[in-house]
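A short worksheet on the structure shown next.
All of the numbers you see were taken from the coordinates with simple rules; none came from a lab. This one's a predicted model, so the numbers in the text were calculated from it and none came from an experiment. FYI the Cβ positions are ideal-geometry reconstructions off the backbone, even for glycines, and counts take in every protein chain you see.
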């Protein structure tokens, strides 16, 4: 059980546990009072829960292909203060979009599988949770882009190499890359993740920089300030 300030997250039966990528995505997303949000590959449901806390007017759909993980997310949603605004769907995102052609979202987020064409990890669930082929990202970006409302945005967090591929995919379908946030472990290290923001706005902003640690085991002030609304370790 991972205890946040306003909700708790049971991680039972979830191959991918709560991780830095997910909580950064949940905390750094920017949106102007979104009414509808979709979390693709919700896992434990932590990102959806963080967004429910941040955007109190939003109705949030969450999609999870793994049945046991979806049951865990459903339980986490039900036990949260935001239960009436959260809905879980046990689907592949392609099947979800086919079943709900009427849906459109002000904000779509995903912390997707990101290892492309690498050796598969042991265990079927972890393989499903951690690995994807290049066509997965093409389907994800195309499908999500088609279901964005006017002015809506798609937010993804990815390793730098994978992010380069996804940028090309977005460009190929005329989805504008509005913003990039580069994630660094330390101030003097190379970026190891990029947060990509796609939408209809053509005015691309300069890349943002986010540093997690000042030194080993010492969180940066930037990280503390960003996660303070959620983490009990930051008063």
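Arrange 66, 39 by Cβ neighbour counts within 10 Å, fewest through most, would you? Please list the in-between numbers first.
Details: 66 21, 39 31.
Final ranking by Cβ density, sparse to dense: 66, 39.
Determine, for each peptide in 88-98, 21-31, 182-192, the mean count of other beta carbons within 10 angstrom over its residues, then list the peptides with the highest first. Each step should come with its number before you reach the end.
Working: 88-98: 17.5, 21-31: 20.1, 182-192: 14.2.
The most tightly packed comes first, giving 21-31, 88-98, 182-192.
Beyond 23 Å, what share of the Cα-Cα pairs of the stretch 1-107 is found? Please give it as a whole percent. Write down the numbers at each step before the final one.
Working: 1072 of 5671 pairs.
It works out to 19 percent of all Cα pairs.
Arranged by the count of other C-beta atoms within 10 angstrom, fewest first, what order do 103, 202 take? If you can, show how the numbers build up before the last one.
Numbers: 103 13, 202 8.
Ordered from fewest to most neighbouring Cβ atoms within 10 Å, 103, 202 come out as 202, 103.
Using alpha-carbon pairs under 8 Å, 6+ residues apart, how would you state the relative contact order of the chain in percent?
With pairs under 8 Å counted, the relative contact order is 17 percent.
Cut-off 10 angstrom, C-alpha nodes, Gaussian network model of the chain. Which of 225, 111, 176 fluctuates the most?
225
So how do 40, 169 line up by other beta-carbon neighbours within 10 Å, fewest first? Display every interim value, and only then the final one.
Numbers: 40 24, 169 19.
Least to most surrounded, the residues fall as 169, 40.
Could you give the distance between the Cα centres of the stretch 142-160 and the stretch 25-58, to the whole Å?
Each part's Cα centre sits 13 Å from the other's.
Among DSSP bridges having both ends in the chain, what percentage is antiparallel? Round to the nearest 5.
Values: 19 of 42 bridges.
So the antiparallel bridges in the chain amount to around 45 percent.
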